[in-house]
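Undergrad: The structure's right below; bear with me while I get my questions together.
The values are calculated or read from the model by the stated rules, or taken from the named source; none is laboratory data. Just so you know, these numbers come straight off a predicted model, no measurement behind them. Note that we place each Cβ from the backbone using ideal geometry, even for glycine, and neighbour counts take in every protein chain shown. Quick note on the areas: whole protein, heavy atoms, side chains included, nothing else; ligands and nucleic acids left out. Shrake-Rupley method; radii C 1.70, N 1.55, O 1.52, S 1.80 Å.
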Amino acid sequence: MFWKAFFVLLWVVPAFGLSLCQYQAPTTNLLRGEAAFSYHYFEDPATPGPDVNSGKFTIFGEWVVDSPVHGIGLSFSGEFNLLGLALAAASTQVSGTFREYPFPSLSYFVFGGLEGALNSQQPRPWLEARSGVGYGRFTDVTPLVRALRIEEKLLRRGVLLASLRESTLLRLAQEIGRGQMYPSTSDLAAALAKILSSEANVTFDPRSVLLVEEVLEESGLERYCGWAVQFGFGYVLSRPQPGSILTFNLSLQGAMTPDPRSQILFKSDLSAPYQVFEEYTWNLSASYTYELNESTDFSAQYVLRQVKPRGQMPAGTQNASFQLSFKLGGATIALQVNFSKLAEAREWTQEFLISAGWQIW
């Protein structure tokens, strides 16, 4: 079972002394997006017409905001399959939640939001409005990741002779988190060099200051931690098949950063009327990303969507993918292995792709 192997992989992560999630940013504002395209064309002269003429375009975007008084979570994912130059199938999922914390010092919140999915093979989209209560927060730990990357590069260059104390790393992270207060990245790099000079008793040359500045401008280091569980009521605005309009919903979302090079994301969402075993919609997604080096990443994803109409058997899809990507300038070359399965299918379909992608923002 591929999904079992995937969840085992989530826990096989390198051990790391300093817990990144102990860093608490005053505000979190993370925006990330990715797109990828692959195409396969094959024609055998012995057969009429192209034997294979298909492609796939995928897109993903996420915006996470968390402050003492409110939080925002928006995500979008889409997959578009091409046959020749025509769109053969499309599926998209959207999620949006606004959280308000009545007591800023506590993690309890009230929320409102929308969840939706569209599949070109179904007659209508699924769209549900929700509201309720929950508990949890998310925090941006990117400043601490950058502080650790600075330490790593200075150790490699010989500027630092020993690892920094945890208190020094946290002080660097706090200063990086206040980066918007500095006129430029160069000014922030100079301030960090001053902190290191006083606390680690080292002398910085212009090249070392430039190295710190390069880390501050490096992309792909964004990480966050936290979790949130929420329970509420929903009103179904549209659904592919007839069913209950009023629902209960329960969701759990989490983010872990075991070490500076990895990120684990998890989300489970269940929507059902009071007869939960008779009718429900369940979405589950999990991903693990690990940076092998500055130009190579490994990632694994698992996605499950299951719908059970009243009086019918559950139907849905499962997808698992494993990807090795190489950064070449602004583009990414990826080697990807995909496994997918419909609920009624007995075997997994298997696919190997070489694709090119680019980062949107």
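Undergrad: Going by what's in this entry, would V133 be described as closer than 23 Å to P68 by Cβ, part of a helix (DSSP H, G or I) and modelled with pLDDT of 90 or more?
TA: no
Undergrad: Shifting gears a bit: So which residues in region 266-281 are part of a strand (DSSP E or B), of a type outside the set (K, R) and either buried (at least 17 other Cβ atoms within 10 Å of the Cβ) or modelled with pLDDT under 90 (or both), if there are any at all?
TA: Answer for region 266-281, where residues must be part of a strand (DSSP E or B), of a type outside the set (K, R) and either buried (at least 17 other Cβ atoms within 10 Å of the Cβ) or modelled with pLDDT under 90 (or both): F266, D269, L270, S271, A272, Y280, T281.
Undergrad: What's the number of the only condition in (1) of a type outside the set (G, A, S); (2) open to solvent by 40 Å² or more (accessible area, probe 1.4 Å); (3) not in a helix (DSSP H, G or I) that L164 fails to meet?
TA: (2)
Undergrad: Something else now. Within region 100-114, how many residues turn out to be open to solvent by 60 Å² or more (accessible area, probe 1.4 Å) and outside any strand (DSSP E or B)?
TA: Matching residues across region 100-114 total 5.
Undergrad: Could you identify the single residue in G226, G220, G254 that is touching a residue at least 60 places away in the same chain (Cβ under 8 Å) and either among the acidic types (D, E) or buried (at least 16 other Cβ atoms within 10 Å of the Cβ) (or both)?
TA: Exactly one residue qualifies, and that residue is G226.
Undergrad: Between residues in region 299-315 that are in contact (Cβ under 8 Å) with a residue 24 or more places away in the chain and under 16 Å from W348 (Cα atoms) and residues that are in a strand (DSSP E or B) and of a type in the set (K, R), which pairs lie under 9 Å by C-beta distance while being six or more apart or on different chains?
TA: Short answer, once both residue conditions are applied: A315/K308.
Undergrad: Okay, next question. Would it be correct to say that F57 is more than 14 Å from the chain's Cα centre (by Cα), in a strand (DSSP E or B) and more than 23 Å from S268 (Cα to Cα)?
TA: yes
Undergrad: Have a look at N293, N249 and point out the one that is modelled with pLDDT under 90 and either more than 23 Å from A228 (Cα to Cα) or not small (G, A, S) (or both).
TA: None of the other options fit; the residue is N293.
Undergrad: Return the residue satisfying two criteria in turn: it lies in region 64-99 and is open to solvent by less than 20 Å² (accessible area, probe 1.4 Å) and outside any strand (DSSP E or B), and of such residues it is farthest from F231 (Cα to Cα).
TA: So the residue we want is G84.
Undergrad: Of all residues in region 318-349, count the ones that are of a type outside the set (A, V, I, L, M, F, W, C), at pLDDT 80 or above and within 29 Å of E291 (Cβ to Cβ).
TA: Qualifying residue count for the region: 8.
Undergrad: Moving to a separate point now. Are any residues in region 239-251 in a strand (DSSP E or B), in contact (Cβ under 8 Å) with a residue 24 or more places away in the chain and open to solvent by 80 Å² or more (accessible area, probe 1.4 Å), and if so, which ones?
TA: Residues satisfying the conditions are L246, F248.
Undergrad: Applying the selection to region 133-161, what residues are touching a strand residue (DSSP E or B) at 6+ places or on another chain (Cβ under 8 Å) and open to solvent by 20 Å² or more (accessible area, probe 1.4 Å)?
TA: Those that are touching a strand residue (DSSP E or B) at 6+ places or on another chain (Cβ under 8 Å) and open to solvent by 20 Å² or more (accessible area, probe 1.4 Å): V133, Y135, R137, D140.
Undergrad: I would also like to ask the following. Checking the conditions here, which among V202, V215, V236, V209 is open to solvent by 30 Å² or more (accessible area, probe 1.4 Å) and either of a type outside the set (D, E, K, R) or modelled with pLDDT under 90 (or both)?
TA: V209
Undergrad: For region 282-306, enumerate the residues that are open to solvent by 40 Å² or more (accessible area, probe 1.4 Å) and farther than 20 Å from Q253 by Cβ.
TA: Y290, L292, N293, E294, S295, F298
Undergrad: On the given criteria, is A88 over 23 Å from R178 (Cα atoms), in contact (Cβ under 8 Å) with a residue 60 or more places away in the chain and of a type in the set (A, V, I, L, M, F, W, C)?
TA: Spelling it out, it is not the case that A88 is over 23 Å from R178 (Cα atoms), in contact (Cβ under 8 Å) with a residue 60 or more places away in the chain and of a type in the set (A, V, I, L, M, F, W, C).
Undergrad: Here's a follow-up. Being under 27 Å from T92 (Cβ atoms) and of a type in the set (S, T, Y), is that true of even one residue in region 178-188?
TA: no
Undergrad: For residues that are open to solvent by 90 Å² or more (accessible area, probe 1.4 Å) and assigned to a helix (DSSP H, G or I), scanning just region 167-199, find the one that is modelled with the lowest pLDDT.
TA: Q180
Undergrad: Can you pull out the residues in region 254-286 that are among the aliphatic types (A, V, I, L, M), closer than 18 Å to R310 by Cα and in contact with a strand residue (DSSP E or B) (Cβ under 7 Å, 6 or more places away or on another chain)?
TA: Residues satisfying the conditions are L270, A272.
Undergrad: Still on this model: Can you tell me which residues in region 94-108 are within 16 Å of the chain's Cα centre (by Cα) and modelled with pLDDT under 90?
TA: Within region 94-108, none qualify.
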